[in-house]
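The values are calculated or read from the model by the stated rules, or taken from the named source; none is laboratory data. Since the model is a prediction, treat every value here as computed from it, not as a measurement. Cβ coordinates were reconstructed from backbone atoms using ideal geometry, including for glycine residues, and neighbour counts include every protein chain displayed.
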Amino acid sequence: KMARQAAIYLGHLNPLTTAHENIISFLLRGCDNVYIFPVRFLKDKAEINTKSFPFPYEVRKAMIEAVFTNNDRVIVLPNYAFFSPFIKYVPPLISPYSWVLRRQILKSIKEETFVSYSGDKIERIVLSIYKLHPIGGKRLSFSSSSVKEMLYTQVTQESSKERLTQEILTWQNK
């Protein structure tokens, strides 16, 4: 019997783009499950969001699940979380906190073997040092107009419109 294999996808996914969707679809073709870890920055248990990264984890999770509706092989988890003060993660690889982060991510992987994905050569080197078995491809390009198109498509799809709207309203009311 062949060992089950998982894919780990770490990223901002803020917002989810067609490039992200293509990467996840690619990983689904070669792995049993795809574990997606949208990065979170937390201070006093509250997520920090900025103009550059406006959507909190729950909204990004809803975006991913809206695109991959009824696909139980796509698993979105909050474990890729940096806790304030963030300087404790520097320098990467040397800081013990960066290895704690690695353990946080891996504790959810149930398969015997796994790979991680990055479209960036330097990121693949770092993932390799962390023993996350990187695979990769060319970084997929996308423009802000394609991001807006993707968001519009997700919101207008009847199956995802209600859930995504509810997640955004819940987020705004916090």
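General observations
- Count of residues meeting criterion [surrounded by 17 or more Cβ atoms within 10 Å (Cβ to Cβ) and on the phi > 0 side of the Ramachandran plot] in the range 47-97: 0
- Test: residue in the range 1-8 that is in contact with a Leu (Cβ under 8 Å, 6 or more places away or on another chain) and farther than 18 Å from GLN104 by Cβ: no
- Considering residues of the range 42-79 that are small (Gly, Ala, Ser) and not in a helix (DSSP H, G or I) only, the residue nearest to LYS107 (Cα to Cα): ALA46
- Single unsatisfied condition, PHE82 versus (1) within 20 Å of ILE135 (Cβ to Cβ); (2) assigned to a strand (DSSP E or B): (1)
- Residues of the range 22-41 that turn out to be outside any helix (DSSP H, G or I), farther than 13 Å from LYS61 by Cβ and in contact (Cβ under 8 Å) with a residue 60 or more places away in the chain, as a count: 3
- In summary, helices (runs of 4 or more DSSP H) completely within the range 91-169 and bearing 1 or more residues that are under 25 Å from ILE8 (Cβ atoms) and at pLDDT 65 or above occur at 96-106, 121-129.
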